[in-house]
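One structure is given below, encoded as structure tokens.
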Amino acid sequence: MKGNAMSEFADKAKGAANKVAGAAKDAIGKATDNEQLQAEGKAQKLKGEAQETKGEIKDALNGDESDNRS
């Protein structure tokens, strides 16, 4: 069970980091009129959102499993 909790946390942490990095790339791309960097930033933000969602789903599923074990 602890391994799963760490996996959920890792997914959420990686997701948050990708969202921040993506937002920075997007902003720098806008400021420098670099469309490629802007696109990379948007893609990285989406990847981060997906990773966070993955962690939330794992968390919800593990919560359901522990509820059914009583």
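Nothing in this text is a laboratory measurement; each read-out follows from the coordinates by a stated rule. All of these numbers come straight from a predicted model, not from anything done at the bench. A quick note on method: Cβ atoms are made from the backbone with ideal geometry, for glycine too, and the neighbour counts reach across all protein chains shown.
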Where labels lie 7 Å past Cα in the beta-carbon direction, separation of Ala43 and Ile28 in nm: 1.6 nm
Tally Lys and Arg at +1 and Asp and Glu at -1 over the other residues with C-beta under 11 Å from the C-beta of Ala21: what net charge comes out? +3
If we sort 30-40, 8-18 on the protection proxy, mean other Cβ atoms within 10 Å, highest first, what's the order? 8-18, 30-40
Using just the helices of the chain, give the 222 nm mean residue ellipticity in deg cm²/dmol: DSSP H runs with n ≥ 4 each add -39,500 (n - 2.57), and the total is spread over all residues, rounded to 500. -33000 deg cm²/dmol
To the nearest 20 Debye, how big is the dipole of the chain about its Cα centre, given +1 on the beta carbon of each Lys and Arg and -1 on that of each Asp and Glu? 200 debye
Report the percentage of all Cα-Cα pairs in the chain whose separation exceeds 20 Å, rounded to a whole percent. 42 percent
